[in-house]
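Visitor: The structure follows.
What follows is calculated from the coordinates using simple rules that are stated; it is not laboratory data. This structure is a prediction, so every number in the text was calculated from the model and none was measured. Cβ sites come from the backbone with ideal geometry, for glycine too, and all protein chains shown count toward neighbours.
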Amino acid sequence: MTRRTIRFAPDVDARLDQLDAGQVSAYVTEAVRDRITRERTLAALAEAGYHPDPQKAAAAAAMLARRPSRALRDAAVSRLADLTGLSAGALRDDLGLGE
């Protein structure tokens, strides 16, 4: 293990303050490893000839961060029920969506 002294932006520092002192190192290590994985994935995609549009990627990330509306969830469950032959109620229960 290597010890480092680093500075954090205020919002990051506030998040780290919410952790127990013993969790900060593991939290930062996990974040850095996640970043390494993303960089390797993007490099592999680029090597394969795929170059994602940053604006489209940001829009997709924002969309995924939002919880879908009840109407959209109901439509998806209904479509899945049609495709699988299962009841919409059973699918909602299996997916943890309730009624």
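Visitor: Which listed residue (ILE6, HIS51, MET63) has the Cα farthest towards the positive end of the charge dipole for the chain, taking +1 on Lys and Arg C-beta and -1 on Asp and Glu C-beta about the Cα centre?
Guide: About the Cα centre, the residue reaching furthest to the positive side is ILE6.
Visitor: How much length is gained on full extension from ALA31 to LEU64, taking 0.36 nm per residue of separation minus their Cα-Cα distance? Don't skip to the end; give the middle numbers.
Guide: On the way: separation 33, 0.36 × 33 = 11.88 nm, distance 1.95 nm.
Contour length minus the Cα-Cα distance gives 9.9 nm.
Visitor: What 222 nm value per residue comes from the helices of the chain, counting each DSSP H run with n ≥ 4 as -39,500 (n - 2.57) and dividing by all residues, nearest 500 deg cm²/dmol? Each step should come with its number before you reach the end.
Guide: On the way: 5 runs with 67 residues, N = 99.
So the calculated ellipticity at 222 nm is -21500 deg cm²/dmol.
Visitor: Based on the Cα gyration tensor of the chain, what are the three equivalent ellipsoid semi-axes, each the root of five times an eigenvalue, rounded to whole Å and given largest first?
Guide: Whole-Å semi-axes of the equivalent ellipsoid: 38, 23, 14.
Visitor: So which trypsin sites (Lys or Arg not before Pro) in the stretch 41-90 pass both tests, a DSSP loop state and at most 12 other Cβ atoms within 10 Å of the Cβ?
Guide: ARG66
Visitor: By the scheme Lys and Arg +1, Asp and Glu -1, what is the net charge of all other residues having a beta-carbon under 14 Å from that of PRO52?
Guide: The answer is -1.
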